[in-house]
Amino acid sequence: MKITSKDIILDTDERIRMQSEPVQLPLSNEDRELLQAMLDYVRNSQNDEIAEAEGLQPAVGIAAVQVGVLKQMIAVVIPYEDGVDEVALVNPKIISESVQNAYLDNGEGCLSVKGEHPGHVFRHARIKVRGYDLIQDKNVTISAEGYFAICLQHEIDHLSGTLFYDHIDANNPWKSDDEAEVI
């Protein structure tokens, strides 16, 4: 199975707002294949040669609903100079979160959103997420902060039909928070 940009549904598709269902463990071959394809899409979208050859939109994460599958699966790949934060999670659940917020200074984007939605999206600066990770092939608890935490929250939001721009204050989209971590 291979996911391309043509497989990604947009926010104009009613499925993007639907609840995703929990995934039965152990993973079926079909679910394993889909989650691996999601992870491969994100990885390949970050490789300029592959992305150009295959016409992939750049991504740091994807949720199964974005390819029209209403299952609780996400893949996130955050490259750093000294390594990578990479997960392919089934049934991810945030089990704790910081009081402190964080936000991306330039706002967020999404593979499923073509229109402009400028503004700050406030999220928790630190979270713990529990779920089954395909890469490690076991149940895990992940402590994430900063950009990784923001990306995980963005993808987990998709599982309940929430899009990043739902978090933007309509009256003051660029409002700031002096206590928040700005990324």
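The values are calculated or read from the model by the stated rules, or taken from the named source; none is laboratory data. Note that the coordinates shown come from a computational prediction; the quantities given were computed from them, not determined experimentally. Protein only, heavy atoms only, side chains kept; ligands, DNA and RNA dropped before computing areas. Shrake-Rupley method; radii C 1.70, N 1.55, O 1.52, S 1.80 Å.
Data for the structure
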{"quantity": "Cα gyration tensor shape of region 73-115, rounded if a/c is under 1.5, else prolate or oblate by comparing a/b with b/c", "calculated": "rounded"}
{"quantity": "Once the Cα gyration tensor of the chain is diagonalised, semi-axes √(5λ) in Å", "calculated": "24, 19, 17"}
{"quantity": "Percent breakdown of C-alpha pair distances by 10 Å bin, ordered from the shortest bin, for region 122-180", "calculated": "19, 44, 27, 8, 1"}
{"quantity": "Accessible area in square angstrom per residue, region 1-104, 1.4 angstrom probe", "calculated": "54 Å²"}
